[in-house]
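For reference, the structure discussed in these notes is given below.
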Amino acid sequence: MDQAAFEAKLNKEGYVTEISELEAHCSRPPHTHPFDVAGMVLAGTLTLTCDGQPRTYGPGERYIMAAGRQHAEDVGADGVRYLVGRRKK
């Protein structure tokens with residue numbers, strides 16, 4: 001699924017989407033969000049760690065995170081640019 005198709009799918013499902021960027025080696029400690037999150041990495045890498053299990057996402061890969069799910073975020077050496085959708089519960 002390409003970026004446009006993914007964004008259209010998210011919008012149809014009630015997500016509000018935007019393009020975001022994080023700088024290289026940015027790290028966010030474990031936290032939660034009060035909304036569902038779905039994203040697609042456009043450039044660089046993003047590692048999400050849930051339940052002690054890290055998973056790295058690269059260009060074209062998508063992820064989904066339910067509201068309230070604790071996770072940590074770590075950005076690779078090239079930073080990350082990603083399409084992110086947020087949907088309030």
When the Karplus curve 6.51 cos²θ - 1.76 cosθ + 1.60 is applied with θ = phi - 60°, which whole-Hz ³J(HN,Hα) does each residue of segment 16-29 get, with x for Gly and Pro? 9, 10, 7, 9, 10, 9, 10, 6, 3, 6, 5, 9, 10, x
Sequence-distant or interchain residues sharing an amide H contact under 5 Å with residue 26, placed H: which? 75
Please compute the Kirkwood hydrodynamic radius over the chain, one decimal place, Å, based on all pairs of different Cα atoms. 13.0 Å
So how exposed is residue 45, as accessible area in Å² (1.4 Å probe, rounded to 10)? 50 Å²
Tell me, what is the 1.4 Å probe accessible area of residue 86, in Å² to the nearest 10? 80 Å²
Which GluC sites (Glu not before Pro) in segment 1-88 pass both tests, a DSSP loop state and at most 15 other beta-carbon atoms within 10 Å? 13, 23, 61
Helix-only CD estimate at 222 nm, as mean residue ellipticity for the chain, using -39500 (n - 2.57) per DSSP H run (n ≥ 4): -3500 deg cm²/dmol
Collect residues whose amide H, placed 1.01 Å from N in the peptide plane, falls under 5 Å from the amide H of residue 61; neighbours closer than 5 in sequence don't count. 41
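The values are calculated or read from the model by the stated rules, or taken from the named source; none is laboratory data. On a predicted model such as this, the values are computed, not experimentally measured, just so you know. Every residue, glycine as well, gets a Cβ built from its backbone with ideal geometry; the counts of neighbours run over all protein chains shown. Just the protein is used for accessible areas: all its heavy atoms, side chains included, with ligands, DNA and RNA removed. Shrake-Rupley method; radii C 1.70, N 1.55, O 1.52, S 1.80 Å.
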